[in-house]
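Structure first, then comments.
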Amino acid sequence: MGNDLTVPEKILSCALELDRDKGTFTAEDLVVRCWERFPDTFGLQGYAGKYPDSNRILTNIMGMKGLRGKGWLKKVGEKRYRVTEVGRQAIQAGPESSGPGSIRRAASLTRETASVVGRLVGARAFDKHRLQQELTFGDLCAFWNISPRSNAQQLNVAVKEAEAAVGAAEELLAAEGSAALLLPGTTIQVTKNDLAMVRTLQRHLLEAFEAELDVIRGRSDERIPR
């Protein structure tokens, strides 16, 4: 990759390198990598060999025409990003290949389902699992929207709610034949790989925190007949 790439594609290629190296990365990481790889394109005018033109890179990330607007980058934390499946396909297929059909607005998902899916893929547990970092019971609680004081019914509902939401999103992706879903009312884009990772993470949490979850399972709501 080199001179044949557009400015956004050059930035995306650097983002992919960082994604492979670090998992998630900051805007500053991306500025430095772009300048190191393409100093003629991203060097500060008159000082290209000494300093990056961070403004040029950042303006190509933000906005409807930027990498985030194209669906190539996804914000996953405070000033942290990762490359989406749409972005990977764009760089593999060639210049400006992610056409209007690559992302679908998930309008047919209910607001509640979209909210659950957004919470799952935006959870700290999701990002830590992707980076193979150690998870805590607090991460599990935030992922399923429960607490250590929840009861058996609340746990059961939370897990089934997550499974149902992921299933609905998977069915919509398959029906639309698109690379990603844009959750209604948000800027969150969800891919097939994201949903598969949520399922893997759910299984891992159920196994890794079996003892803690058994405590919750043994806590019945007295208002519910045994």
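No value in this document is a laboratory result; all are computed from the given coordinates. All values reported here derive from a predicted model rather than from experimental measurement. Here Cβ is always computed from backbone atoms with ideal geometry, including for glycine, and neighbour counts include all displayed protein chains.
With an 8 Å Cα cut-off and a minimum separation of 6 or more residues, compute the relative contact order for the chain in percent.
Numbers: 285 pairs, mean separation 38.8, N = 226.
Relative contact order, the chain: 17 percent.
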FRET efficiency, Val215 to Gln132 (Cβ-Cβ, R0 25 Å, nearest 0.05): 0.40
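Which value, to two decimals, describes the C-alpha radius of gyration of the chain once divided by 2.2 N^0.38 Å? Display every interim value, and only then the final one.
Values: Rg = 20.4 Å, N = 226, 2.2 N^0.38 = 17.3 Å.
In units of the 2.2 N^0.38 Å rule of thumb, it is 1.18.
Provide the convex hull volume over Cα atoms per residue for region 102-226, in Å³.
On the way: hull volume 13.9 nm³, N = 125.
Each residue corresponds to 112 Å³ of Cα convex hull volume.
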Residue order, fewest to most surrounding Cβ atoms within 10 angstrom, among Asp194, Asp29, Asp40: Asp40, Asp29, Asp194
Sparsely packed trypsin sites (Lys or Arg not before Pro) within region 100-204, loop by DSSP, other Cβ within 10 Å at most 10: Arg149
Overall form of region 125-174 per C-alpha gyration tensor (a/c, 1.5; a/b vs b/c): oblate
Compactness relative to 2.2 N^0.38 Å, alpha carbon Rg of region 7-96: 1.00
Amide H contacts under 5 Å for Tyr51, placed H, 5+ residues apart: Leu44
10 Å Cβ shell holding at most 16 others, DSSP loop, GluC sites (Glu not before Pro): longest site-free stretch of the chain: 135-221
